[in-house]
Amino acid sequence: MDQIVNVNEFQELARQALPKMYYDFYSGGAEDQHTLKENMEAFSRIMFRPRVLVDVTKIDMSTRILGYPLSAPIMIAPTGSHGLAHPEGETATAKAAAACNTIMIVSSMSSCTLEEVASSCNAVRFFQLYVFERRDVSAQVVRRAERAGYKAIVLTVDVPKLGRREADIKNKMIAPKLRNFEGLFSTKVKPSDGSGVEALASRALDASLNWKDIEWLRSITKLPILIKGILTREDALKAVEAGVDGIIVSNHGGRQLDYSPATITVLEEVVHVVKGRIPVLLDGGVRRGTDVFKALALGAKAVLIGRPVVYGLAAKGGDGVMKVIEMLKNEFELTLALSGCATIGDITRNHVKTEDERL
Ligand code: FNR
């Protein structure tokens, strides 16, 4: 483990540890995978305007999201089927989240049930919701999440239909078990149908989901609601008007609409219209502490980490997840020091320069 010096190195270790079908499922994006690559490349086009001669002997990275304390503004994004990466599945990830004092967003599509994850550790957990055509099933799952002590519902809105992930089609990726829904409705799909994930999604997801349904979700839960999958100022405003408690700027890690913009390039337009009324978070392509800093400088309250967490889990189990989060935290701490910021409150828009500003 000591030989691993950055988060990117876990990708190759995961590739070696996993059957090709599973590695491709975790790592892949939609169609030409342009957005997948662009998420990362867009970060590399932002440069720093570091300040000097600031006392940075003590750095405080801590923050709060919806009132819950985090050791750093780095959370765990919802990703499905951790059981394909490691036998302990999401329970290993959740224990690592607790050890790192961060928040884990548990996917609807988890391999362990949401109750198993809850009883495995005392990490603060949010529950990610995909709304199904069977609304009664979705409502039941939300109520179970509430009972199991989840602190917020993260409604993912960028999957009315599953994006075209060509590696999964080629590999005839199996439909993973959806343990949260066992006994609630049949999630069986024909094994020969190309991507089993796609077959499963088209059987279950409600493509009619629309803004009015936020009211429905409000009516069935008292938990705060975050909307995940916003990429424009228009939708950010609608989200605020709908009364949600937070926005996650996300293109689903480039797995849905290819040629969606890199999330870091649209963060500011969202932040601009939200005007601080609710927290704006971001995910997609965050691989370095410098990326975390850039997202905060452009107005995010925190970032979420998707693939690196799964790679860490596949390569080294819960210890791998911890190492991923700790490496990002250490890099972020160093970035704060080298930019002349002692706390995350000291980060300003002037600490970074986007590509347009450099022309
Ligand atoms: C995801 N993502 C996702 N999002 C969601 O809301 N529910 C889910 O079940 C999943 N499942 C999932 C599986 C896998 C294998 C990946 C890679 C991603 C999207 C995820 O929450 C997040 O938006 C991206 O992963 C962030 O980009 P990075 O960090 O992977 O670049």
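Tabulated data for the structure shown
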item	result
Label-point separation in nm, E133 to K20, each point 7 Å along Cα→Cβ	3.4
Relative contact order (%) - segment 47-147, alpha-carbon pairs under 8 angstrom, separation at least six	22
Percentage relative contact order, segment 242-306, counting C-alpha pairs under 8 Å, at least six apart	36
Where labels lie 7 Å past Cα in the beta-carbon direction, separation of R349 and K188 in nm	5.7
Antiparallel bridges, percent of DSSP beta bridges restricted to the chain (to nearest 5)	20
Amide H contacts under 5 Å for A302, placed H, 5+ residues apart	L282
Partner aspartates and glutamates for K294 [C-alpha distance under 14 Å; skip if fewer than 8 residues away on the same chain]	E41, E268, D283, E331, E333, D346, E355
Residues M40, M21, M1, sorted so that the one with the fewest Cβ neighbours within 10 Å comes first	M1, M21, M40
Summed side-chain charge close to R45 - residues other than R45 whose Cβ falls under 13 Å, Lys, Arg +1, Asp, Glu -1	-2
Nonlocal amide H pairs with F126, under 5 Å, H built at 1.01 Å	M104, I105, V106, K151
Net length gained if the chain between I220 and T57 were fully extended (0.36 nm per residue, minus Cα distance)	53.9 nm
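Each value in this text was obtained by applying a stated rule to the coordinates, not by laboratory testing. Keep in mind it's a predicted model, so treat the numbers as computed, not measured. Cβ sites come from the backbone with ideal geometry, for glycine too, and all protein chains shown count toward neighbours.
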